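Below you'll find the structure, written out as structure tokens, and then a few comments.
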Amino acid sequence: MAKVIVTGAAGFIGSHLVETLLKQGEEIIGIDEFNDYYDPMFKRKNIAYLNSYSNFTLIEGNIQFLDWTTLLQDVKIIYHQAAQAGVRASWGQSFRAYTERNINATQVLLEAAKNAKNLKRLVFASTSSVYGDAETLPTDESIFPHPVSPYGITKLAAERLCGLYQKNFGVPIVSLRYFTVYGTRQRPDMAFHKFFKAVLQDEAIPIYGDGQQTRDFTYVSDVIAANLVAATVPAAVGEIFNIGGGSRVVLTEVLDTMAEIVGKPIKKNHIEKAMGDARHTAADISKAQKILGYQPQVPLREGLAQEWQWVKTLY
Ligand SMILES: NC(=O)c1ccc[n+]([C@@H]2O[C@H](COP(=O)([O-])OP(=O)(O)OC[C@H]3O[C@@H](n4cnc5c(N)ncnc54)[C@H](O)[C@@H]3O)[C@@H](O)[C@H]2O)c1
């Protein structure tokens, strides 16, 4: 049976993707180096029970140093989720991790993909961070990207590399620009995870700036659904799609919803605005709706409630 590769398989989004594909009976090779950007214990937990599936093989290693020629022999789809995520940590000394994991690792994968005879699709996990402070909200895919963080720069470079390999070598690539993903297994450096953890430990929630920033929050299962269609719809090849949650929400309103979910008032600690954070993000998802039939299913309140249940079991 032709196989499917998921890079970043032990991460937040990658592990959900692996889980869904395993349940569909696909033969999956998961690749992850379990780096320590955040405690790898979370990553082990993410995939712990997936190891019991007989159709799952986990390769623990760095994308840059794997034998891709052998690996890709009978692979039909690659979901490239592995990356160095995180906007704020991308300044300074740690930038090298961003160029290595986002640009160089992607280039190695693309070089291998161009010679992979059975490859039908490569889905690349891009990000709304390529837009930066977009002049038009909601933002559609034709808006010229202006990243405001080094992270956004490296993801845009990787997305552009994908475009080059698609045009020059016909690698069947689709790029999905995710807008702030949340839900169970969310990375511990991401806002909702930190907020719920702070509530549990009766601490104040750190708010960057005035709390009036807006985000288009996307529940993880909607991102997974988008990946699955992106891997099959013929008209998607060579295209870039915004994958958002369907509405734009002010951060302070999210905190009010969170207070209702946890059943107590939330203590806030306002700290200085973080460098590299876009002020507003909002996805125009009409292209994904039209070509992929994408329609976000999980409303914010429901998604937050699920994440809260998960955080409670985690700590
Ligand atoms: N979480 C979000 O809100 C969000 C938003 C936009 C885009 N994205 C993109 O989605 C993807 C997944 O993000 P996530 O939040 O799940 O991050 P994550 O950090 O939880 O997962 C990424 C995984 O990739 C692995 N990895 C990194 N470099 C590797 C390499 N060279 N070789 C092997 N494994 C490697 C890491 O160990 C990690 O487990 C990333 O490409 C990210 O840029 C995420």
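Please go through segment 1-35 and give me each residue that is in contact with a Gly (Cβ under 8 Å, 6 or more places away or on another chain), among the charged types (D, E, K, R) and within 23 Å of GLU307 (Cβ to Cβ), ordered by number.
ASP32
Pairs please, first residue from segment 189-218 and more than 20 Å from GLY11 (Cβ to Cβ) and within 13 Å of the ligand (Cβ to nearest atom), second anywhere and at pLDDT 95 or above and part of a helix (DSSP H, G or I), Cβ atoms under 8 Å, 6+ apart in sequence or on different chains.
Hits for this filter: ASP216/SER128.
Pick from LYS43, LYS76: which is basic (Lys, Arg), outside any helix (DSSP H, G or I) and either crowded, with 21+ Cβ neighbours inside 10 Å or in contact with a Leu (Cβ under 7 Å, 6 or more places away or on another chain) (or both)?
The conditions single out LYS76.
Considering ALA97, ALA112, ALA116, which residue is at pLDDT 95 or above, over 15 Å from ARG160 (Cα atoms), within 15 Å of the ligand (Cβ to nearest atom) and more than 18 Å from the chain's Cα centre (by Cα)?
ALA112
Just a yes or no: is a residue in segment 279-288 of a type in the set (S, T, N, Q) and buried (at least 21 other Cβ atoms within 10 Å of the Cβ)?
For segment 279-288, residues of a type in the set (S, T, N, Q) and buried (at least 21 other Cβ atoms within 10 Å of the Cβ): present.
If you go through segment 57-65 one residue at a time, do you hit one that is over 20 Å from the mean Cα position of the chain (by Cα) and more than 15 Å from the ligand (Cβ to nearest atom)?
Within segment 57-65 (the criterion being over 20 Å from the mean Cα position of the chain (by Cα) and more than 15 Å from the ligand (Cβ to nearest atom)), the answer is no, since none of the residues qualifies.
Testing VAL75 on (1) within 21 Å of the chain's Cα centre (by Cα); (2) away from the ligand (no atom under 14 Å from the Cβ), one condition comes back false. Which one is that?
Result: VAL75 fails condition (1) only.
Could you tell me whether any residue of segment 238-250 is hydrophobic (A, V, I, L, M, F, W, C), crowded, with 18+ Cβ neighbours inside 10 Å and in a loop (DSSP other than H, G, I, E, B)?
Within segment 238-250 (the criterion being hydrophobic (A, V, I, L, M, F, W, C), crowded, with 18+ Cβ neighbours inside 10 Å and in a loop (DSSP other than H, G, I, E, B)), the answer is no, since none of the residues qualifies.
Identify the single condition in (1) surrounded by 23 or more Cβ atoms within 10 Å (Cβ to Cβ); (2) modelled with pLDDT under 95 that TYR49 does not satisfy, given that it satisfies every other one.
Checking TYR49 against (1) surrounded by 23 or more Cβ atoms within 10 Å (Cβ to Cβ); (2) modelled with pLDDT under 95, the one that fails is (1).
Search segment 264-275 for residues that are among the basic types (Lys, Arg) and pair each with any residue that is part of a loop (DSSP other than H, G, I, E, B) and modelled with pLDDT under 90 when their beta-carbon atoms are under 6 Å apart and the residues are at least 6 apart or on different chains.
That search, which allows pairs on different chains as well, returns LYS273/GLY209.
Can you give me the ranges of the helices (runs of 4 or more DSSP H) entirely in segment 80-169 with at least 1 residues that are aromatic (Phe, Trp, Tyr)?
Those helices (runs of 4 or more DSSP H) span 95-98, 150-169.
Filter segment 156-189 for residues that are basic (Lys, Arg) and under 17 Å from ILE291 (Cβ atoms) and give the result.
The answer is ARG177, and nothing else.
I want to confirm something. Restricting to segment 177-188 and keeping residues that are in contact with a Phe, Trp or Tyr (Cβ under 8 Å, 6 or more places away or on another chain) and among the hydroxyl-bearing types (Ser, Thr, Tyr), which single residue is nearest to the ligand (Cβ to nearest atom)?
Residue satisfying both the conditions and the ranking: THR180.
Could you list, ordered by first residue, the pairs with Cβ atoms under 6 Å in which the first is in segment 65-84 and more than 23 Å from ASN35 (Cβ to Cβ) and the second is polar (S, T, N, Q), at least 6 apart or interchain?
So the pair list comes out as ASP74/ASN118; LYS76/ASN118.
The values are calculated or read from the model by the stated rules, or taken from the named source; none is laboratory data. Fair warning: this is a prediction, and the values are worked out from it, not measured in the lab. Because the Cβ atoms are built from the backbone with ideal geometry, glycine has one as well, and the counts that use them run over all protein chains shown.
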